[in-house]
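Participant: Below is one structure. I have some questions about it.
The values are calculated or read from the model by the stated rules, or taken from the named source; none is laboratory data. A quick note: this is a predicted structure, and the numbers were derived from the prediction, not measured. In this analysis, Cβ positions are derived from the backbone assuming ideal geometry, glycine residues included, and neighbour counts consider all displayed protein chains. Side chains included, ligands, DNA and RNA excluded: accessible areas come from the protein's heavy atoms. Shrake-Rupley method; radii C 1.70, N 1.55, O 1.52, S 1.80 Å.
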Amino acid sequence: MSRTFSGIAVVIALFATNWAAWPQSAKPSKTIVLDHAELKLTPAALVFDKKGLLYVGYRDSGSDKKSSVIWIRVFDPANGKELRNAQLQTTAVTLPNGADQFMLSPDNSLLMYSQFHGGTLITFLNAATLQKVSDATSLPEGVDRQFPRVIGIGPNDNSVLIAAQITNHLNGTDARLIKLDAHDLSRVLADTTLTNPIPESGFAVGSDGTVRIIRAAMLYSYDPDTKKAALELSLHNQDDIRNALFLNDHSLLLWSGQNEFGYLYRFKQSGSTPEGSQRIEKSGVVKVLVSPDQLYGVALCEHQNLTEVHFGAITSRTAVVFDTKTLKILNEVPIEKDLYPELAIWHGDGKIVLVTQASSNKLVIYELAEPKSGRESATVNPKDGSLHLDILGSAKPKQ
């Protein structure tokens with residue numbers, strides 16, 4: 001999970017597409033207050049389950065910029081009501097600090113909170129009761145120092161896959177894949193290292209352990225048995241691939257980002273060219289999340305100041321909601337610059353729900369109607385929540 005700072009302003013701009021007309025009225029965004037939170041120091045990790053319940057995990061604000069308690073809360077976003085919560089006692093860590101990954105198992109039975117800065121912590125909870133199932137404060141020998149990241153939870157055996165990286169002699173990274181028993185994190189189920197044959201490149205790993213190698217604008221498949229890589233895709237717009245998200249239908253979502261523009265790509269793993277692409281103006285794509293049914297996604301986009309005095313400072317952040325099949329942009333939510341840019345998205349019951357952080361201890365929930373056929377766009381007035389509808393003669397998505 002990205003540790004760059006951000007937050008959100010309560011404005012929604014719904015861009016014109018060849019999709020369906022947005023409704024003439026929109027439900028107002030809801031606000032959830034998180035007790036014991038100071039989101040500049042204790043960013044809240046967010047994830048939806050398949051039914052649309054919102055899980056939130058964050059450290060309390062503690063004292064003297066140290067925290068020894070993690071809060072886990074579950075909300076019904078339809079009304080903002082809290083359904084249950086739990087407190088997890090941990091060794092005190094220095095703030096700011098929060099989850100690196102916060103995820104549910106594919107069957108929604110297990111909830112995982114992990115962090116690898118300021119010490120290692122992986123905790124699994126029963127998602128229905130929030131009772132602790134297992135935890136660990138260390139990983140197999142050497143992994144803690146190899147930039148570990150939880151990739152996913154196995155759909156059949158409730159194992160947890162962790163990927164670490166090892167710099168190799170080609171100035172790239174080899175991938176160390178460790179699989180642990182989610183019910184007993186001291187039990188190592190597998191520990192393998194994949195030798196990367198491509199110079200100056202890195203790995204993207206799917207939740208099932210499938211690997212792709214990324215080097216600049218090129219994507220390679222990798223055979224762990226032969227330790228060989230084969231070029232699958234090369235982008236021709238001088239735009240480097242930042243990362244890849246593995247989808248259940250054996251497609252990949254790729255993203256890239258220069259400072260003035262970014263791209264989304266959809267790539268069928270059996271193909272050699274993208275199925276589609278979508279350019280995003282005025283910012284690069286930093287990360288992408290998808291709804292549990294993987295039909296809609298949200299891209300976190302950033303633009304940086306390149307002047308000498310303020311070089312690297314974030315000038316704008318935006319959450320861009322899109323259709324994962326067509327990559328068409330559905331709407332855009334501007335995000336404040338001084339909070340961590342944590343997001344979650346859900347789709348179901350004819351609506352799309354987006355949640356992000358706002359102010360020092362609040363979450364804002366946006367409920368958007370699922371688009372249907374039509375040529376209209378709408379803009380929400382941030383002052384009174386009213387929705388202005390524009391009828392367009394020939395609306396086209398951004399290219």
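Participant: Note down all Cβ pairs under 6 Å where the first residue falls in segment 284-299 and is over 12 Å from residue 50 (Cα atoms), the second is among the aliphatic types (A, V, I, L, M) and open to solvent by 40 Å² or more (accessible area, probe 1.4 Å), and they're at least six residues apart or on different chains.
Facilitator: 288/245; 298/289
Participant: Among the polar types (S, T, N, Q) and either outside any strand (DSSP E or B) or touching a residue at least 60 places away in the same chain (Cβ under 8 Å) (or both) - does that describe any residue in segment 138-151? Please lay out each step first, then the result.
Facilitator: First pass over segment 138-151, keeping only residues among the polar types (S, T, N, Q): 138, 146.
Subsequent filtering for residues that are either outside any strand (DSSP E or B) or touching a residue at least 60 places away in the same chain (Cβ under 8 Å) (or both) retains 138, 146.
Yes; the residues of segment 138-151 include at least one that is among the polar types (S, T, N, Q) and either outside any strand (DSSP E or B) or touching a residue at least 60 places away in the same chain (Cβ under 8 Å) (or both).
Participant: Working only within segment 52-74, note down all residues that are open to solvent by 10 Å² or more (accessible area, probe 1.4 Å) and either within 15 Å of residue 355 (Cα to Cα) or among the small types (Gly, Ala, Ser) (or both).
Facilitator: 53, 61, 62, 63, 68, 73
Participant: Would you call residue 79 among the polar types (S, T, N, Q), at pLDDT below 95 and open to solvent by 40 Å² or more (accessible area, probe 1.4 Å)?
Facilitator: yes
Participant: Restrict the check to segment 122-129 and report whether at least one residue is within 28 Å of residue 247 (Cα to Cα), open to solvent by less than 20 Å² (accessible area, probe 1.4 Å) and not in a strand (DSSP E or B). Give the steps one after another, and end with the answer.
Facilitator: The first filter runs over segment 122-129 and keeps only residues within 28 Å of residue 247 (Cα to Cα), leaving 122-128.
Then drop every residue that is not open to solvent by less than 20 Å² (accessible area, probe 1.4 Å), which leaves 122-125, 127.
Checking which are not in a strand (DSSP E or B) leaves us with 127.
Looking through segment 122-129, at least one residue is within 28 Å of residue 247 (Cα to Cα), open to solvent by less than 20 Å² (accessible area, probe 1.4 Å) and not in a strand (DSSP E or B).
Participant: Every residue in segment 280-304 that is under 18 Å from residue 256 (Cα atoms) and not in a strand (DSSP E or B), please.
Facilitator: 282, 283
Participant: Let me ask something else. For residue 162, indicate whether it is open to solvent by 20 Å² or more (accessible area, probe 1.4 Å) and part of a strand (DSSP E or B).
Facilitator: Working: open to solvent by 20 Å² or more (accessible area, probe 1.4 Å): no; part of a strand (DSSP E or B): yes.
For residue 162, the condition - open to solvent by 20 Å² or more (accessible area, probe 1.4 Å) and part of a strand (DSSP E or B) - is not met.
Participant: Among the numbered criteria (1) at pLDDT 90 or above; (2) open to solvent by 10 Å² or more (accessible area, probe 1.4 Å); (3) farther than 26 Å from residue 41 by Cβ; (4) of a type in the set (A, V, I, L, M, F, W, C), which single criterion is violated by residue 286?
Facilitator: Residue 286 satisfies every listed condition except (3).
Participant: Could you list, in sequence order, all residues of segment 100-116 that are open to solvent by less than 30 Å² (accessible area, probe 1.4 Å) and either farther than 19 Å from residue 131 by Cβ or not aliphatic (A, V, I, L, M) (or both)?
Facilitator: 100, 101, 102, 105, 113, 114, 115
Participant: Exactly one of these conditions fails for residue 177: (1) surrounded by 14 or more Cβ atoms within 10 Å (Cβ to Cβ); (2) at pLDDT below 95; (3) over 30 Å from residue 68 (Cβ atoms). Give me its number.
Facilitator: (2)
Participant: Tell me which residues, restricted to segment 326-367, are under 18 Å from the mean Cα position of the chain (by Cα) and basic (Lys, Arg).
Facilitator: Within segment 326-367, 337 is the sole residue that qualifies.
One line per residue, one yes/no per condition, for (1) at pLDDT 95 or above; (2) open to solvent by less than 50 Å² (accessible area, probe 1.4 Å); (3) not in a strand (DSSP E or B):
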| residue | (1), (2), (3) |
| --- | --- |
| 188 | yes, no, no |
| 196 | yes, yes, yes |
| 204 | yes, yes, no |
| 209 | no, yes, yes |
| 232 | no, yes, no |
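Participant: While we're on this one: Residues of segment 58-83 being in contact (Cβ under 8 Å) with a residue 12 or more places away in the chain and at positive phi, which ones?
Facilitator: Hits for segment 58-83 are 62, 65, 80.
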